[in-house]
Amino acid sequence: MEGFKNRIIDEWGKQGFSAFRETVWSSSLQQDDLSTIRHFLTNNNVNHIDVSLIVPQDDSTNRMKWVKHYERSGQCVSSLRQEFIPANSNNLKLTFCRTFLQ
């Protein structure tokens, strides 16, 4: 996965992008579905996103997940925690790129 990150930074950095964010979602999508997703994003003017599938070979790959709960007072409390992705599970990864305007 490090090679992919370096490629994205190299290729998209040359186009002026300086901020990259990845999100990983559990998914039942297959490789054949990616062209449909890319087509949908392009037709709806959603640009600068790379879409891919990842299938971790072991249980060491993680993602960050927001966890929320409500206290009795009604106050919503949220925290960000690390969650490990099960080995051999299918996951959709979205990489967003943007520039910082000065």
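Compare Ser78, Ser35, Ser60 in a GNM of the chain, Cα atoms joined below 10 Å, and give the one with the largest fluctuation.
So, out of Ser78, Ser35, Ser60, the one fluctuating most is Ser78.
Could you check which residue among Ile49, Ile85, Ile37 shows the biggest mean-square fluctuation in a GNM of the chain with a 10 Å Cα cutoff?
Highest fluctuation of the listed residues: Ile37.
Using DSSP loop states and a limit of at most 14 other Cβ atoms within 10 Å to flag trypsin sites (Lys or Arg not before Pro), what is the longest stretch of the chain containing no flagged site?
Between the exposed loop sites, the longest stretch runs 15-71.
So, R0 is 41 Å and r is the distance between the beta-carbons of Leu41 and Ser73; what FRET efficiency does that work out to, to 0.05?
0.50
Using a Gaussian network model of the chain with C-alpha springs under 10 Å, which one of Val46, Val77, Val67 is most mobile by mean-square fluctuation?
Top of the fluctuation ranking is Val77.
Before rounding to the nearest 500, sum -39500 (n - 2.57) across all DSSP H runs of length at least 4 in the chain and divide by the residue total; then give [θ] at 222 nm in deg cm²/dmol.
Taken over the chain, the calculation gives -6500 deg cm²/dmol.
Whole number please: convex hull volume per residue, Cα atoms of the stretch 2-98, in Å³.
Each residue corresponds to 149 Å³ of Cα convex hull volume.
Values in this text are rule-based calculations from the coordinates and carry no lab data. Not measured: the values here are computed from a predicted model. All Cβ positions, glycine included, derive from the backbone under ideal geometry; neighbour counts span all protein chains shown.
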